[in-house]
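Structure record follows, encoded as structure tokens.
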Amino acid sequence: VVENQILLDFDPMRRGGVQPLVSLLADDGPAARVRVGQPVHFCAEVLLPPRAGRFQSAAWSFEGEPDYPGKGGEHAEDSAGRVLVRAVHTYTKPGAYFCTVRVSSGREPRLGYTELRNLARARVIVEA
């Protein structure tokens, strides 16, 4: 626990469990500061614990939408099982935003009820 926040180990071997681990960067950092109309590049890193299945999907809420309207994004998996999912979004109004990515994994992709999800957020400050 650090400053009243529970921090879990990001190494899937040490953490255990079956839930995917995800972290999110905005313009290569935990937070980005941009101007209205300037694109923000997001990169989510997904790690899967052993025997937890495979990466299935990513959904994005760039501006706080509860239904995650941004689907997919470019993704690539390396030989260690790490998946990088990339997306770009352009904000049209100034303000503070928390972009959220929701990733899912599972052993049986055809069965929605076996899907395991996790979230990560990155802060974006948009200036006029």
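Observations
- Residue among P12, P69, P49 with the largest mean-square fluctuation in a Gaussian network model of the chain, springs linking Cα atoms under 10 Å: P69
- Shape call, region 1-59: gyration tensor on alpha carbons, a/c limit 1.5: oblate
- With K and R counted +1 and D and E -1, the other residues having a Cβ less than 12 Å from that of E127 yield a net charge of +3.
- Loop-located trypsin sites (Lys or Arg not before Pro) in region 19-128 (DSSP state not H, G, I, E or B) with no more than 16 neighbouring Cβ atoms inside 10 Å: R51, R82, R107, R110.
- Accessible-area composition of the chain, carbon plus sulfur, in percent [1.4 Å probe]: 51
- Between R86 and R117, the distance separating the two model label sites (each 7 Å from Cα on the Cα→Cβ line) works out to 2.6 nm.
- Calculated [θ] (222 nm, deg cm²/dmol) that DSSP helices of n ≥ 4 give over the chain, each run adding -39,500 (n - 2.57): -500 deg cm²/dmol
- Per residue, the chain exposes 62 Å² of accessible surface when a 1.4 Å probe is rolled over the protein heavy atoms with every protein chain present.
- A simple spin-label model places pseudo-atoms 7 Å from Cα toward Cβ; at V1 and A31 they are separated by 2.4 nm.
- 12 Å beta-carbon shell around G81, net charge (K/R +1, D/E -1): 0
The values are calculated or read from the model by the stated rules, or taken from the named source; none is laboratory data. Values in this document were obtained by computation on a predicted structure and should not be read as measured data. Quick reminder, even Gly has a Cβ in these numbers, built from the backbone with ideal geometry, and neighbours come from all protein chains shown. Each accessible area value is taken on the protein alone, full model and side chains, heavy atoms only, with ligands, DNA and RNA left out. Shrake-Rupley method; radii C 1.70, N 1.55, O 1.52, S 1.80 Å.
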